[in-house]
Every structure is written in C-alpha cells, then in structure tokens.
1. So is I40 touching a helix residue (DSSP H, G or I) at 6+ places or on another chain (Cβ under 7 Å), hydrophobic (A, V, I, L, M, F, W, C), closer than 21 Å to C106 by Cβ and at pLDDT 95 or above or not?
2. Give the residues of the range 72-93 that are crowded, with 17+ Cβ neighbours inside 10 Å and either among the aliphatic types (A, V, I, L, M) or at positive phi (or both), sorted by residue number.
3. Being charged (D, E, K, R), more than 14 Å from R80 (Cβ to Cβ) and in contact (Cβ under 8 Å) with a residue 24 or more places away in the chain narrows it down to one residue among R26, R52, R21, R36; which is it?
4. Assuming A111 fulfils every condition listed in (1) in contact with a Leu (Cβ under 7 Å, 6 or more places away or on another chain); (2) at pLDDT below 95 apart from one, which condition is it?
5. Out of all the residues in the range 54-94, which are of a type in the set (A, V, I, L, M, F, W, C) and under 20 Å from V16 (Cα atoms)?
Amino acid sequence: MLRRPSEFEAVLRSAVRVATRNFVGRALANGAVQPRLGMIAGKKAAPRAVDRNRAKRLIRELFRTASPGFGSYDVAIQLRTDLRSHDNEAVRTELRGLLSHLVKRCAHDAARQNSPAPSPGIPAGTSPDRQ
C-alpha cells in the first residue's frame with residue numbers, strides 16, 4: 001500500500017498512464033517483489049465520504065484480482081468524478097478495463113526497459129557483422 005506523499009508523487013510523475021471516464025491509473029516500477037496500490041479519492045471528485053469510500057472499496061476489490069499481472073509496480077488509481085449515478089457493476093466493468101489496460105502498458109514498459117539500446121553508428125534492425 002502506498003502511504004507516503006513521496007511514494008504517491010513518484011507514481012504520479014510516471015509515464016505509464018491510463019484514463020477512463022471516472023478514473024485515472026498510473027504505474028511505476030518499484031523494484032519490490034509485489035505490486036502496491038495507492039488510491040486518491042478527493043472531496044473535489046466526490047464530496048460525500050460514503051461515495052469516496054465506495055470507490056476505494058471497489059478499487060481494492062478489483063486490484064486484488066488484477067495484482068498478479070502487475071509484477072513489481074506501484075499503482076495509483078485516482079477518482080475523477082462522483083460515482084453516485086453509476087451502479088457497482090458498471091464501475092467494476094470500467095475498473096476491470098482500466099486495470100487490464102494498465103497491466104498491458106506495464107508489461108510493454110518493462111519490455112522496453114529491458115531491451116538493449118541500439119549502439120551508436122549501427123542502424124536499428126541490422127547486425128554489426130552485416131556492415
């Protein structure tokens with residue numbers, strides 16, 4: 001679980017970002033063994049505490065099912081709008097889509113970070129012995 005402001009700030013500055021109508025998800029590699037979740041549900045997005053708590057409960061519920069796909073990433077989910085007019089199943093569907101898309105983006109980001117950088121002077125897609 002992300003708790004310190006510095007942990008949230010690092011994730012919020014990350015490049016991996018996915019947005020839906022009601023949520024914004026961001027992720028950052030953390031170098032730990034398991035994924036960590038941080039939730040942002042401000043009064044500006046949902047003035048009533050019961051609505052903020054409902055959003056956080058749904059985020060936690062769906063993150064538990066999606067967390068094995070994240071590997072070692074810190075994930076922050078931010079509530080954008082009030083969910084009062086949406087039923088729980090619609091919110092779950094939206095969060096499932098957001099989390100699955102975020103997992104794909106994290107996998108792509110991890111693969112990109114692990115791939116070797118091309119050497120200077122050698123065009124990409126060619127091997128050095130063909131020159």
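The values are calculated or read from the model by the stated rules, or taken from the named source; none is laboratory data. In this text the structure is predicted, and so the values were computed from the model without any measurement. A quick note on method: Cβ atoms are made from the backbone with ideal geometry, for glycine too, and the neighbour counts reach across all protein chains shown.
1. Spelling it out, it is not the case that I40 is touching a helix residue (DSSP H, G or I) at 6+ places or on another chain (Cβ under 7 Å), hydrophobic (A, V, I, L, M, F, W, C), closer than 21 Å to C106 by Cβ and at pLDDT 95 or above.
2. V75, A76, I77, L79, L83, V91
3. Of the residues listed, the single one that is charged (D, E, K, R), more than 14 Å from R80 (Cβ to Cβ) and in contact (Cβ under 8 Å) with a residue 24 or more places away in the chain is R36.
4. All conditions are met except number (1).
5. I59, L62, F63, A66, F70, V75, A76, I77, L79
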